[in-house]
Amino acid sequence: MIKAKLFALVIPLATFTAGVMLLPFVDDLPAGLELIRHYAAYPIILTCLALSFSFNQSRLFFVLYVTAIFYALVLGDLVPPQLFQPFDEFRFIQLVFLLYLLAILFFLFLQERGVITVQGILRLALCTVLPLLPLYLAGEQSVLSMEWLSMTVFPEEVSQRLPLPDIIVAFYVIVVWVVLGKLLYRPGLVETSYFSLLAGAGIALFYYPEIARVQFMFTLALTVVLFFILRNSFQLAYQDELTGLSGRRALKEQMRKLGSTFSIAMMDIDHFKKFNDRYGHDVGDEVLKMVAGHIRKTGNGGKAFRYGGEEFTLVFPGKNIDDVIPSLEKLRSEIADTRFYVRGSNRPQSKESGLKMRKGKPAGRSRDIHVTISIGVSDSERSGNSPDEVIKVADKALYRAKKKGRNQVSK
């Protein structure tokens, strides 16, 4: 989780730091590249929209949709209806940016409800119509006072250097901190993408009306979002969501890369079905995560995978059975020596889980859980060079370990 948080922060921050350093060169692009710079963001945002729609990430889809409108309005590619002209262009951009911040804050706390649903269509209509409000407020026919935009929040020497009104900058800082807080609490695709979009839009508006720099920063922000969408799709395809281990598809990819010498261990949690039926699937999931945590730390060059259900696989490239048996015995012993307890019914459940590692005797009624695993292992020297055949032999060794009494390593 700490690595995920660092990754979600470092990539955007490093990208935008490099982007700001490159801004002086953006203004001097050859005339032939100006058109590319102007329209580069559009195919990227269309790709992001298509991917977020296909992955059912509706919250990201709607914010990207609002981003596209915001970007097109700032660049003048989307011309306001004649009905709302004339209007104060700079005030209009300020109000649209404020609306953009509100949209990010709004969708940050909503639940996923899809795009082609009743709620999704209503949200899409709202995102489409809302830009008309800044057009009205910035127009000469507006009867509402915009004096609140002139409110002073920061010291005068700071306010004079800000490209936007104090109140909008203050709200921008608040939204950034809220998004950052959610990202640090539970990093996900939506939170990371919102943070990247906020960073890019904030820097872009700082340089407005220097359109070349605005174009560059928006394109950079959308590129970062596209990177995280693609990375998320890779994780969905290759990583097991529950345990965090690589999944079966990743195992197949790994098997194609193996050389002539390798070992494969198949392992299974003993009596897991009975345990799962007795204590419930929530506690069973926590056991799977805890066992996976031990397997991940096996070392000795072993690469861990969740094979399916309560079964796991360890692949040791370049190792034979004699090389890996000590590591597997250590793994089996560590899991067997670990004690957990299930909270009693008279104790409040935490938000995380009813299963905790035991440190001393737990208060209240709790039940100790003794978790063990059985392991079967084989290598390419004994079972041939085919990884599929080695897995079959290791699987047979796993069943022998279970027949012999479980909680042991068999070869």
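Out of the residues in the stretch 240-256 that are in contact with a Phe, Trp or Tyr (Cβ under 7 Å, 6 or more places away or on another chain), open to solvent by less than 40 Å² (accessible area, probe 1.4 Å) and part of a helix (DSSP H, G or I), state the one that is farthest from P317 (Cα to Cα). Please lay out each step first, then the result.
Step one: list which residues in the stretch 240-256 are in contact with a Phe, Trp or Tyr (Cβ under 7 Å, 6 or more places away or on another chain), which gives 245-251.
Within this subset, residues satisfying the condition of being open to solvent by less than 40 Å² (accessible area, probe 1.4 Å) are 245, 247, 250-251.
Keeping just the survivors that are part of a helix (DSSP H, G or I) gives 250-251.
Values: A250: 15, L251: 12 Å.
Going through the qualifying residues, I end up with A250.
Being basic (K, R), open to solvent by 10 Å² or more (accessible area, probe 1.4 Å), modelled with pLDDT of 90 or more and in a strand (DSSP E or B) is a property that R332 lacks.
The residues of the stretch 45-55 that are farther than 26 Å from E210 by Cα and either open to solvent by 80 Å² or more (accessible area, probe 1.4 Å) or not in a helix (DSSP H, G or I) (or both), listed by number, are F53, F55.
For the stretch 27-44, a tally of residues being part of a helix (DSSP H, G or I) and either farther than 17 Å from S233 by Cβ or open to solvent by 80 Å² or more (accessible area, probe 1.4 Å) (or both) returns 12.
The residues of the stretch 367-411 that are over 19 Å from R248 (Cα atoms), assigned to a strand (DSSP E or B) and among the aliphatic types (A, V, I, L, M), listed by number, are I369, I373, V409. Is it the case, given these coordinates, that G284 is surrounded by 13 or more Cβ atoms within 10 Å (Cβ to Cβ) and in a loop (DSSP other than H, G, I, E, B)? Spelling it out, it is not the case that G284 is surrounded by 13 or more Cβ atoms within 10 Å (Cβ to Cβ) and in a loop (DSSP other than H, G, I, E, B). Is it the case that L83 is outside any loop (DSSP other than H, G, I, E, B), at pLDDT below 85, over 26 Å from D166 (Cβ atoms) and not acidic (D, E)? In short, yes.
Evaluate the stretch 300-316: report whether one residue or more is in contact with a helix residue (DSSP H, G or I) (Cβ under 7 Å, 6 or more places away or on another chain), part of a helix (DSSP H, G or I) and closer than 21 Å to I369 by Cα. No.
Table: residues versus (1) of a type in the set (A, V, I, L, M, F, W, C); (2) modelled with pLDDT under 90; (3) closer than 21 Å to L75 by Cα; (4) crowded, with 17+ Cβ neighbours inside 10 Å.
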| position | (1), (2), (3), (4) |
| --- | --- |
| T152 | no, yes, no, no |
| L162 | yes, yes, yes, no |
| I174 | yes, no, no, no |
| P209 | no, yes, yes, no |
| F228 | yes, no, no, yes |
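For the stretch 3-20, residues that are among the hydroxyl-bearing types (S, T, Y) and free of Cβ contacts under 8 Å to residues at least 24 places away in the same chain total 1. What do you reckon, is L222 under 16 Å from the mean Cα position of the chain (by Cα), open to solvent by 20 Å² or more (accessible area, probe 1.4 Å), within 14 Å of P12 (Cβ to Cβ) and aliphatic (A, V, I, L, M)? No.
Within the stretch 1-18, the set of residues being open to solvent by 80 Å² or more (accessible area, probe 1.4 Å), more than 13 Å from the chain's Cα centre (by Cα) and under 17 Å from L189 (Cβ atoms) comprises V10 only. Screening the stretch 98-141 for residues that are modelled with pLDDT of 90 or more, part of a helix (DSSP H, G or I) and aromatic (F, W, Y) and picking the one that is surrounded by the fewest Cβ atoms within 10 Å (Cβ to Cβ) gives F106.
The values are calculated or read from the model by the stated rules, or taken from the named source; none is laboratory data. Remember, predicted model here, so these are calculated numbers, not experimental data. Here the Cβ is made from the backbone with ideal geometry for all residues, glycine too, and neighbour counts use every protein chain on show. Note: accessible area is taken over every heavy atom of the protein model, side chains too, but ligands, DNA and RNA are not part of it. Shrake-Rupley method; radii C 1.70, N 1.55, O 1.52, S 1.80 Å.
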